[in-house]
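For reference, the structure is listed below as structure tokens.
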Amino acid sequence: MSSQIIPSLPKTFSSSLDLWREKNDQLVRQAKQLTRDSRPSLRRQQSVQDTLEGFRELLLTLQGLPAAVPALPLELTVTCNYIILRASLAQGFTEDLTEDVQRGLERVLEAQHQMGSKSQQGLKELWHSVLSAPSLLPELLPALHCLASLHAALWMSTNHLGDLTSLLQTLNGSQTETSEDLLPLLKSWSPPVEKLHAPLILQDAESLKDVLLTAFACRQGFQELITGSLPHAQSSLQEAASGLCPPSVLVQVYTALGTCLRKMGSPQRALLYLTEALKVGTTCALPLLEASRVYRQLGDTAAELESLQLLVEALSATHSSETFTRLIEVELLLPQPDPASPLHCGTQSQAKHLLASRCLQTGRAEAAAEHYLDLLAMLLDGSEPRSSPPTSALGPCMPELCLEAAAALIQAGRASDALTVCVELLSRTSSLLPKMPSLWENASKRTKELPYCPIWASATHLLQGQAWSQLKAQKEALSEFSQCLELLFRALPKDKEQGAGSNCEQKCMSDVSLKQLRVAALISRGLEWVAIGQDTKALSDFLLSVQICPGNRDGSFYLLQTLKRLDRKNEASAFWREAQSQLPQEEAARCLPLYLETCLNWIHPPNCEAFFEEFGTAVLESCDL
């Protein structure tokens, strides 16, 4: 067959072929030498670009000649080298690389005089035509399989898994039509070995196959972890860990296995994988974040906070570039983690916020206050974005951070510092508040931030009132609580104003948060009235709080106590009986902002349930008499 297809070569063509092959080999050696040096420098970058240009010029030279079978192994090898180096430089595969693949396949068909109507075929059909051609020479198979592996990498990175499956079926001669067979197809694919004296290639098909296999196992495991298919995720990730993972990907895989085991209720086993991730020694941010979640699940707050502190430090450190042994690595075929994914560790400021908020939630007020002040300084110096959308999974926006910081300062007994933060925040948000009710109601139609300004401004007055109360300045505290209530009762959230596409968080912010803010402000002002002996005014505020939130235990507690002090026992008994028919309202408590949760904790009476039990017993005994 070979003697029928390969004509005798002119001596000049044969000599040129040798020269072109020598040029290819020289460029390959040059590229490998350059890629081993990971030190960033303009000279190195220019040298790599020059090498890429050398491959491009050589490819254009070969493709400028009529397609000939003797030259095809070299031409396809140069095509592969060009694609490999270009993808490596770009740190990813782009759709325009398909043009190089398509041109290579068309040249094979042209050389075998089989092009004809196949010029209109799609890439899947072209691959089938080339690989199933009866006249296909074995000498072309190594280079064709390398080109196929690069096309497979492109389809995997762009999530064209159906096309990838079809290509692997063609390479394996399989007739299976199920896309679920992708992993077995990758495993069963056996690229032919390059001959000893073949033109040099930057990365052969067998190496690329290993990259594809590991990358697909990673992608599948990460996706199954996100969708909650935990046993399948564990299996896929263990498959990936056994492959040729570069260190940065191995850290992700071990961390994902830790996440998987934590969610499956095996936190101790999760810690073993996270320890392995830390031992890899590239970046420790991701396993430290997951370790904090594991320790939180175990109830080990000290270890959780230590992990978060180390996470903040890790994200502030600079890391040296890795030295890759392969140009096309697993990392190039993996998508960037979604911000909501457990494999996204965020920025230093987001880690700092997580540390500060956890300190506040776990009663470490002094540490929380310091962390919040550091965070505000970090954000205000312009080194990181100042805000994210109010309902973002990445964390709260700047005004909410200020409110959390003020709450932490008050909790730490630093009321004067809290007032400073509040005054600054109020100066920035008050100018955004609509001055007329009609503007207030339509604010959501103009900008994304305006709907939240009433909440921010109201909450700022609430926190200022709490700060003045801590300083025993009742007059100023009463003034701030009243301003808070004035703003809150002008804001009337309605579902229809939120739009059909509003999500849970938006509804919580607009409805539940406003309702709970009103309750907190009313109870807080009522307590100030009590402190100066104005029980009648306090009674009015407490009554209004339970009307806004029927069944609210804190408002009911203070209302009953005030009625008792005013010797209005019959009204107290009647209210208690009515309250028994109302279930306590716990609506969407998890949606409340942290600063509001903190305020509600301040006004929560410690002996609430014991008081209700005692009061109920007394009411029942009076009925028996």
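With N counted as the residues of the stretch 245-349, its alpha-carbon radius of gyration over 2.2 N^0.38 Å works out to 1.07.
FRET efficiency for the pair Ala618 and Lys472, taken as 1/(1 + (r/R0)^6) with r the Cβ-Cβ distance and R0 = 45 Å, rounds to 0.85.
Just subtract the alpha-carbon distance of Val193 and Thr420 from 0.36 nm times their residue separation and send over the number in nm, one decimal.
Once the chain is fully extended between Val193 and Thr420, it gains 74.5 nm.
For the stretch 128-252, what value does the Rg/Rh ratio take when both radii are computed over Cα atoms and Rh is the Kirkwood radius, given to two decimals? The Rg/Rh ratio comes out at 1.00. If the segment from Glu370 to Ala133 were pulled out straight at 0.36 nm per residue, it would be longer than the present Cα-Cα gap by 78.1 nm. For the set Lys475/Lys564; Lys537/Lys564; Lys475/Lys537, the pairs lying more than 20 angstrom apart at their alpha carbons are Lys475/Lys564.
The share of Cα pairs per 10 Å bin across the stretch 35-141, counted from zero up to the longest distance, runs 13, 40, 30, 12, 4 percent. Each peptide in 407-413, 127-133, 465-471 was scored by the mean count of other Cβ atoms within 10 Å over its residues; highest first, the order is 407-413, 465-471, 127-133.
Overall, the accessible surface of the stretch 209-310 at a probe of 1.4 angstrom is composed of carbon and sulfur to the extent of 52 percent.
For the stretch 16-191, the fraction of 1.4 Å probe accessible surface lying on carbon and sulfur atoms is 48 percent.
Based on protein heavy atoms only, the stretch 16-191 ends up with 46 Å² per residue of surface accessible to a 1.4 Å probe. Kindly flag which residue pairs out of Lys209/Lys279; Lys124/Lys279; Lys124/Lys187; Lys124/Lys195; Lys195/Lys279; Lys263/Lys352 have an alpha-carbon separation exceeding 32 Å in this structure. Exceeds cut-off: Lys124/Lys279; Lys195/Lys279.
Shown is the FRET efficiency for Ser41 and Thr282, computed with R0 = 22 Å from the Cβ-Cβ distance and rounded to the nearest 0.05: 0.55. Summary of packing: across the peptides 348-358, 191-201, 274-284, the per-residue average of other C-beta atoms within 10 Å ranks them, highest first, as 348-358, 274-284, 191-201. Ordering 473-482, 517-526, 247-256 by mean Cβ neighbour count within 10 Å, with the highest value first, yields 517-526, 247-256, 473-482. Which FRET efficiency, nearest 0.05, do Gln26 and Glu95 yield, Cβ-Cβ r, R0 41 Å? Plugging the Cβ-Cβ distance into 1/(1 + (r/R0)^6) gives 0.85. Against the criterion of solvent-accessible heavy-atom surface with a 1.4 angstrom probe, Ile84, Ile532 sort, most first, into Ile532, Ile84.
The values are calculated or read from the model by the stated rules, or taken from the named source; none is laboratory data. Because the structure is predicted, anything quoted here is derived from the model rather than measured. Every residue, glycine among them, receives a Cβ derived from its backbone with ideal geometry; neighbour counts consider all protein chains shown. All accessible areas refer to the heavy atoms of the entire protein, side chains included, with ligands and DNA or RNA removed. Shrake-Rupley method; radii C 1.70, N 1.55, O 1.52, S 1.80 Å.
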